[in-house]
Amino acid sequence: MQELLIYICLYLLPAGMMFHLALDVWGRNRRSTEHILLGSYIFLYGTLFFFEFIRNQVDISYSPFITTYLFGNAGLLLLSLSLHFIFKVTHLYKRMAAYLYPWIFYVPAVPVLLTLLLQTNLTNSAAFEHVGLFHYPEYNTEYLMTMTIGNVFHFGIVLLLVYLYKTARVPVQKRVLKTLMIVAGLVLIWDVIFGYLEIRGFLPPYPYIYGGIIWAFALNIAMKKFDFLASYSRRFSILYDLNPSSILLIDRKGRIDSANPATNKLLRYVKLTGHNLTDSLAESFKEATMSALDEAFETGGKFSGLESKIVTADGRERFVLIDGDFLLIDQRIYLMLIIRDIHMMKEARSTAEFLAYHDPLTKLPNRRRFYEKAEGALARKENMALLVFDLDGFKTINDTYGHQVGDDFLVHIADSLTEFIPPDGFAARVGGDEFYGMIHYENREELESRVTFLTKEIRQRVFHYGTIDIPVRFSLGISCFPEHGDELEVLIAKADEAMYVVKQESRNGHSFWSSRTGVTTPSK
């Protein structure tokens, strides 16, 4: 029983470790050549230990057969797989002629075929001796020659790794190659020492195979520390963590099951697990967004382009676009949401739309917008008055105080118009110092009262430039719908005519257009 435990520790445990690592590598990506090669290499290394376990359990007369057809052939295939793997993983194979790749790597496997075809031992010991617990091979010419060729080949791999390390430019790749280079060197030293020394009775037969444990340990470190031959799940994890878009999983009640770092950054939360997405939706979008998500859960269909607005932990609102699809995780249905921050784009679009219809200086509607609103007001067939303002002496203000003061003066006028034109009316800047307005009225007396109030308040609101007060002076012409016409261009022309009468005769006054006399007498 004690002997069996020793055999298990020396052979079966290393074999199991190799088989487990091989399955791990294969499982990371079953379609990748690199994963298939490395997994096969590690698996064959495991078979060396397994064959040695069998060989030392059966009668010594079976040792030549097991060594020749199983142990030895597996060792030769290891050379081919290791070289193929290194050329593949470092992309050196791309420099090879197409007719050589990958067949050139399997030249060492030729003796395997010859052994099977000729039924002759070409590369291994044929004589064995029982000493203590083990069956030791004779170190004959075939064995020593095979061992030497293998070590020379191994030394070539070390040199190749050194070359690749020196020419590598990517830091992560250099770290991986450095690890493999150091370990390959250590294994070579191990093989040289324990491949030629005969230490019978103290060490088990073929002690050089334990260098494979060093390889397995190094590969395990490289895969975990440097993401060497990363699995699909690991790759997706990296994409999940680095994705600039917010990605999160929510359950039917809106609770967040997991979220990537971009989600924490977007919502300004340190921890989001267990947080309810509803709490991060703006009130104006909450009902519509949750209704869309509930409908998605009901139908089980994916969706895209759902516009919403979220509220961050610090109270800021951001426009977002939401795409969603379903995942089944541990027999539970989750909705995976990808949330893209479109706030800047939305603001830019809103700004572009605003500037298309508004004056960029005063923020009043521009001529285009005024025409649209005025046409809509006339279409309602209500009494409306059209006002044309032209500032008096504006050029003097520009020449005396500068254009910046002139711009500030225009903004002052726009603010006054916005404040004093009744809520049922509107104003626009249509030119340099020219403004249009439109106000609603029931009768002529009400209109005259409104115009008198408007002109008085605007003039009284003096513009202050430092310690200087600049008075507000303007000429105003007015036409009425439907009294003076039912087309906008006609009304504008008549109001403009009335305004010019004021300009020519008195300035700083207002005048109504009259169908009888052209215009009325200007009023101040």
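The values are calculated or read from the model by the stated rules, or taken from the named source; none is laboratory data. Owing to the predicted nature of the structure, the values given are computational and were not obtained by experimental measurement. With ideal geometry, Cβ positions are generated from the backbone for all residues, glycine too; neighbour counts draw on all protein chains shown. Surface areas here come from the heavy atoms of the whole protein model, side chains and all, with no ligands, DNA or RNA. Shrake-Rupley method; radii C 1.70, N 1.55, O 1.52, S 1.80 Å.
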> How many residues does segment 145-164 contain that are farther than 19 Å from Y45 by Cα, open to solvent by less than 60 Å² (accessible area, probe 1.4 Å) and either within 35 Å of the chain's Cα centre (by Cα) or free of Cβ contacts under 8 Å to residues at least 40 places away in the same chain (or both)?
Replying inline: 4
> Quick one: would you say V462 is closer than 19 Å to Y371 by Cβ and surrounded by fewer than 18 Cβ atoms within 10 Å (Cβ to Cβ)?
Replying inline: no
> Which is under 21 Å from S280 (Cα atoms) and open to solvent by less than 70 Å² (accessible area, probe 1.4 Å), of L364, L321?
Replying inline: L321
> Quick one: which of I413, I342 is farther than 27 Å from H510 by Cα and either of a type in the set (A, V, I, L, M) or in contact (Cβ under 8 Å) with a residue 24 or more places away in the chain (or both)?
Replying inline: I342
> Of everything in segment 356-388 that's of a type in the set (S, T, Y) and in contact with a Lys or Arg (Cβ under 7 Å, 6 or more places away or on another chain), which residue is modelled with the highest pLDDT?
Replying inline: T362
> Got a sec? Which of I339, I333, I329 is of a type in the set (V, I, T) and either modelled with pLDDT of 90 or more or closer than 30 Å to M438 by Cβ (or both)?
Replying inline: I339
> What number of residues in segment 101-118 are open to solvent by 40 Å² or more (accessible area, probe 1.4 Å) and in contact with a helix residue (DSSP H, G or I) (Cβ under 9 Å, 6 or more places away or on another chain)?
Replying inline: 6
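Table: residues versus (1) within 19 Å of D496 (Cβ to Cβ); (2) open to solvent by 30 Å² or more (accessible area, probe 1.4 Å).
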site	(1), (2)
P360	no, yes
K373	yes, yes
A379	no, yes
M384	yes, no
L387	yes, no
L391	yes, no
D399	no, yes
D407	no, yes
> Which residues, taken from segment 326-348, are open to solvent by 60 Å² or more (accessible area, probe 1.4 Å), over 18 Å from F285 (Cα atoms) and not aliphatic (A, V, I, L, M)?
Replying inline: D330, Q331, R332
> Counting only residues that are among the charged types (D, E, K, R) and out of contact with any strand residue (DSSP E or B) (no Cβ under 7 Å at 6 or more places or on another chain), how many does segment 330-368 have?
Replying inline: 7
> For segment 195-209, which residues satisfy the criterion of being assigned to a helix (DSSP H, G or I) and either exposed (fewer than 15 other Cβ atoms within 10 Å of the Cβ) or modelled with pLDDT under 85 (or both)?
Replying inline: G195, Y196, Y208
>> Cβ-Cβ under 9 Å, sequence separation 6+ or interchain: first residue in segment 115-132 and within 13 Å of P64 (Cα to Cα) and assigned to a helix (DSSP H, G or I), partner among the polar types (S, T, N, Q) and open to solvent by less than 60 Å² (accessible area, probe 1.4 Å). Which pairs?
In response: T115/T68; T115/N73; T115/N121; T115/T123; T115/N124
> Does K456 meet the test of being out of contact with any Phe, Trp or Tyr (no Cβ under 7 Å at 6 or more places or on another chain), open to solvent by less than 50 Å² (accessible area, probe 1.4 Å) and part of a helix (DSSP H, G or I)?
Replying inline: no
> Out of segment 489-523, which residues are modelled with pLDDT under 75 and out of contact with any His (no Cβ under 6 Å at 6 or more places or on another chain)?
Replying inline: S506, S515, R516, T517, G518, V519, T520, T521, P522
> Would it be correct to say that G16 is modelled with pLDDT under 85, small (G, A, S) and open to solvent by 20 Å² or more (accessible area, probe 1.4 Å)?
Replying inline: no
>> Consider segment 42-86. How many of its residues are among the aromatic types (F, W, Y) and open to solvent by 30 Å² or more (accessible area, probe 1.4 Å)?
In response: 6
> Is there a residue in segment 473-489 that is part of a helix (DSSP H, G or I) and open to solvent by less than 50 Å² (accessible area, probe 1.4 Å)?
Replying inline: yes
> Out of segment 490-512, which residues are small (G, A, S), open to solvent by 10 Å² or more (accessible area, probe 1.4 Å) and within 29 Å of V405 (Cα to Cα)?
Replying inline: S506
